[in-house]
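*Asks:* Here it is, the structure in full.
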Amino acid sequence: MYKKLSISAVALTIGLSGAQVALAKTVQVTMTAKETTVVIDNKGTKYKAWTFDGAIPGKTVRVTEGDIIDFKLINPKTNKESHSMDFHAAEVDVLDEFAPVKPGETKHFKFKAKRAGVWMYHCGSSVMAQHIARGMYGVIIVDPKEGYSKDFPKPDREYVLVQGQYFPKADNYKAMLKNEGSEGSLINGKMFHYDPVHDPDASLVLQSKPGERVRIHFVNANINNPVALHPIAGIWDRIYINGSPKNVLYDIATYGVAVSEAVSADIVSPADKSTNVAIVDHTMSAALRGAITVLMNKPDADPKAGKAGNLIVR
Ligand SMILES: [Cu+2]
């Protein structure tokens, strides 16, 4: 009897670890630097942006700890500027992998995602302030190889929110360096992107069902200003600093997010009724000029929103 139990226990252990530990793989990621025109608010204002693949933010890269990212940056010869890629998840050589790529050239490099977490990526070409302010940023998520656990529960929904500063005079990088001329806050590339309360032209919101755990992967892509990340009418159940399961804080009203910092912020709405939460940069100059995002918690929430890779609502 004793022997039989032991064998079962061993089998169970092997089975569990086999299911949870992912095998490392190589992930191909290609991006094209696009100097293009984007829409910067809900009423259709155009902006001469510099982007990865034509959108602000660029696509979300998602890999598992231990994976190799095989990255290619294409800078078409029709562009005027050099561009580059700086993945905060990479430990490489700033003068090699992150070096500027001239128009007409392509840069290829690999790195291993050794540390789990959520990380900003951005163009680092000179003048970096301008390349970031014009929109060359995004998020790379490195999921822990152990997967989810009691201390790092699987969220019911996940969203990516990237905040940036809007400088209408995009050519004036000297003003950017003095933090002058910023006329708004961009959330995923638009002012009041998900806030129909403050902007009648807004049509999108974040959604979940009452009682669900929603994980916001937030990146501060401002060039100068920290962010005071706060859910109005809610409390962050957990904050994972840098998105890492190892760095957890509980029961937080406002979390200060440094420039270039990434954080995963969990919120669990009351299960017994529909509610709305406004996720804001509590810094008023940012909130009231665009950095407000409405999260609606309602029984008929879109079953696809915030699920299966739909992390950026566009
Ligand atoms: Cu650039």
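The values are calculated or read from the model by the stated rules, or taken from the named source; none is laboratory data. Please read all numbers here as calculations on a predicted model, not as lab measurements. Neighbour counts are summed over all protein chains in view; Cβ atoms, including those assigned to glycine, are modelled from backbone coordinates with ideal geometry. Ligands, DNA and RNA are stripped out before the accessible areas are found, and what is left, the full protein with its side chains, is counted by its heavy atoms. Shrake-Rupley method; radii C 1.70, N 1.55, O 1.52, S 1.80 Å.
*Asks:* I'd like the residue in the stretch 277-314 that is assigned to a strand (DSSP E or B) and touching a Ser or Thr at 6+ places or on another chain (Cβ under 6 Å) and, out of all such residues, is surrounded by the most Cβ atoms within 10 Å (Cβ to Cβ).
*Replies:* Taking the candidates together, the pick is Ile279.
*Asks:* Return the residue satisfying two criteria in turn: it lies in the stretch 123-132 and is among the polar types (S, T, N, Q) and crowded, with 16+ Cβ neighbours inside 10 Å, and of such residues it is nearest to Lys112 (Cα to Cα).
*Replies:* Out of the qualifying residues, it is Ser125.
*Asks:* Within the stretch 30-43, take every residue that is touching a residue at least 40 places away in the same chain (Cβ under 8 Å) and exposed (fewer than 15 other Cβ atoms within 10 Å of the Cβ) and give me the one that is farthest from the ligand (Cβ to nearest atom).
*Replies:* Looking at residues that are touching a residue at least 40 places away in the same chain (Cβ under 8 Å) and exposed (fewer than 15 other Cβ atoms within 10 Å of the Cβ), I get Lys43.
*Asks:* Inside the stretch 48-58, can you point out the residues that are within 18 Å of Asn172 (Cβ to Cβ) and either at pLDDT below 95 or open to solvent by 10 Å² or more (accessible area, probe 1.4 Å) (or both)?
*Replies:* Across the stretch 48-58, the qualifying residues are Lys48, Trp50.
*Asks:* If you check Ser274 against the conditions, is it at pLDDT 95 or above, loosely packed, with under 14 Cβ neighbours inside 10 Å, over 14 Å from the mean Cα position of the chain (by Cα) and among the small types (Gly, Ala, Ser)?
*Replies:* no
*Asks:* Among the residues of the stretch 253-263, are any free of Cβ contacts under 8 Å to residues at least 24 places away in the same chain and either of a type in the set (Gly, Ala, Ser) or within 13 Å of Leu206 (Cα to Cα) (or both)?
*Replies:* yes
*Asks:* Here is a check on your reading of the model: is Trp50 closer than 26 Å to Ile312 by Cα, of a type in the set (Phe, Trp, Tyr), within 16 Å of the ligand (Cβ to nearest atom) and in a strand (DSSP E or B)?
*Replies:* yes
*Asks:* Check the stretch 183-190 and report whether any residue there is in contact with a helix residue (DSSP H, G or I) (Cβ under 6 Å, 6 or more places away or on another chain) and open to solvent by 60 Å² or more (accessible area, probe 1.4 Å).
*Replies:* no
*Asks:* Hey, could you check the stretch 133-154 for residues that are of a type outside the set (Asp, Glu) and open to solvent by 20 Å² or more (accessible area, probe 1.4 Å) and say which is nearest to the ligand (Cβ to nearest atom)?
*Replies:* Lys145
*Asks:* Please work out if Asp86 is at pLDDT 95 or above and over 30 Å from Phe152 (Cβ atoms).
*Replies:* no
*Asks:* Right, another one. Kindly indicate the residue of the stretch 196-229 that is small (Gly, Ala, Ser) and in a strand (DSSP E or B) and also least open to solvent (accessible area, probe 1.4 Å) among those meeting that condition.
*Replies:* Applying the filter and picking the extreme gives Ser208.
*Asks:* Same structure, new question: Here's a check for you: in the stretch 88-122, which residue that is under 25 Å from Ile241 (Cβ atoms) and within 12 Å of the ligand (Cβ to nearest atom) is most open to solvent (accessible area, probe 1.4 Å)?
*Replies:* Phe98
*Asks:* So which residues in the stretch 243-255 are open to solvent by 50 Å² or more (accessible area, probe 1.4 Å) and either within 18 Å of the chain's Cα centre (by Cα) or of a type in the set (Ser, Thr, Tyr) (or both), if there are any at all?
*Replies:* Asn247, Tyr250, Thr254 - these are the residues of the stretch 243-255 that are open to solvent by 50 Å² or more (accessible area, probe 1.4 Å) and either within 18 Å of the chain's Cα centre (by Cα) or of a type in the set (Ser, Thr, Tyr) (or both).
*Asks:* While we're looking at this one, here's another question. If you take the residues in the stretch 64-77 that are part of a loop (DSSP other than H, G, I, E, B) and either touching a residue at least 40 places away in the same chain (Cβ under 8 Å) or buried (at least 20 other Cβ atoms within 10 Å of the Cβ) (or both), which one is nearest to the ligand (Cβ to nearest atom)?
*Replies:* Only one residue tops the list, namely Pro76.
*Asks:* Do any strands (runs of 3 or more DSSP E) lying entirely in the stretch 78-160 carry at least 1 residues that are touching a helix residue (DSSP H, G or I) at 6+ places or on another chain (Cβ under 6 Å), and which ones are they?
*Replies:* So the answer is 117-122.
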